[in-house]
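Visitor: Please read through the structure below; I'll follow up with questions.
The values are calculated or read from the model by the stated rules, or taken from the named source; none is laboratory data. Here the structure is a predicted model, which means the values were calculated and not measured. Positions of Cβ are backbone-derived with ideal geometry, glycine not excepted, and every protein chain shown enters the neighbour counts.
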Amino acid sequence: MACQATEPPPPAEPSREQAEAQARPAPIAPAPPPPEGGPQLGVEVGFVGVAPLHQGFFGDHDARAKLGRSLAGHISDPARLSIAYDSAEFIGTIQLDLPPDGVHTGISRAGPTIGLAGLAPITMGLASYRSDLAARFDIRIQNFRVRLFSVRGLTSCLFDVTGTSPPDGRTISPCVHVNGIEHCGQPGAEGVTFTPDVARDVALCLDL
């Protein structure tokens, strides 16, 4: 009787702790504040569970203008932010939507390996926005996590930052929530290697 060839099972995904322990920051030095008068995106801000006082902080004109300058050239205009606070879990989130075909940071892909570090110019701008507000208004804002959200058809992805506390935005977590389920890839010199199905969905979310 002939033996049927079987494909080897896909490699097991690392845990978040294992994957993030190997994550490395993008080779980008923290940038100085963008100069006034340079290119600037509009910044639209929506709120969920945020008190009126803090809505005023996040909507501060100078902070939004500085964020708009830091994001110029990296995403399409306007930048759409969602600021949320979960009072039951005591978790705040600064989330930026990635518009279709609107990410201009040069994210690479080689098969199942995706260069998530290409998102760092965006997340660094968001982290600076958070730190600016924390320094000027309420130090607790520094605890808000920074996220990127993308929807393409029926597929959604959430990208987080990791690294030093508070993260400065240079290190993108190798763990991505795809349709609400967390999947962790293996970080390497060329990017993060996911299982083929996860890589396909992450690539779709990033228009690759």
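Visitor: For region 112-128, state whether one or more residues are more than 13 Å from the chain's Cα centre (by Cα) and in a loop (DSSP other than H, G, I, E, B). Walk me through it before giving the result.
Guide: In the first step, residues of region 112-128 are kept if they are more than 13 Å from the chain's Cα centre (by Cα); the result is 112-114, 128.
Keeping just the survivors that are in a loop (DSSP other than H, G, I, E, B) gives 112.
For region 112-128, residues more than 13 Å from the chain's Cα centre (by Cα) and in a loop (DSSP other than H, G, I, E, B): present.
Visitor: Could you check Glu190 against (1) touching a strand residue (DSSP E or B) at 6+ places or on another chain (Cβ under 6 Å); (2) touching a residue at least 40 places away in the same chain (Cβ under 8 Å); (3) among the acidic types (Asp, Glu); (4) surrounded by 17 or more Cβ atoms within 10 Å (Cβ to Cβ) and say which number it fails?
Guide: (4)
Visitor: Let me ask you something else. Need pairs with beta-carbon distance below 7 Å; first residue over 11 Å from Val43 (Cβ atoms) and among the charged types (D, E, K, R) and within region 77-98, second part of a loop (DSSP other than H, G, I, E, B) and at pLDDT 95 or above; sequence gap 6+ or separate chains.
Guide: Asp86/Gly49
Visitor: Name the residues in region 96-131 that are β-branched (Val, Ile, Thr) and surrounded by 21 or more Cβ atoms within 10 Å (Cβ to Cβ), would you?
Guide: Passing the criteria: Val103, Ile114, Ile122, Thr123.
Visitor: Next question, about the same structure. I need the full set of residues from region 183-197 which are touching a Pro at 6+ places or on another chain (Cβ under 9 Å) and of a type in the set (Asp, Glu), in order please.
Guide: Asp197 - this is the single residue of region 183-197 that is touching a Pro at 6+ places or on another chain (Cβ under 9 Å) and of a type in the set (Asp, Glu).
Visitor: For Thr93, state whether it is modelled with pLDDT of 95 or more, surrounded by 16 or more Cβ atoms within 10 Å (Cβ to Cβ), of a type in the set (Val, Ile, Thr) and under 13 Å from the mean Cα position of the chain (by Cα).
Guide: In short, yes.
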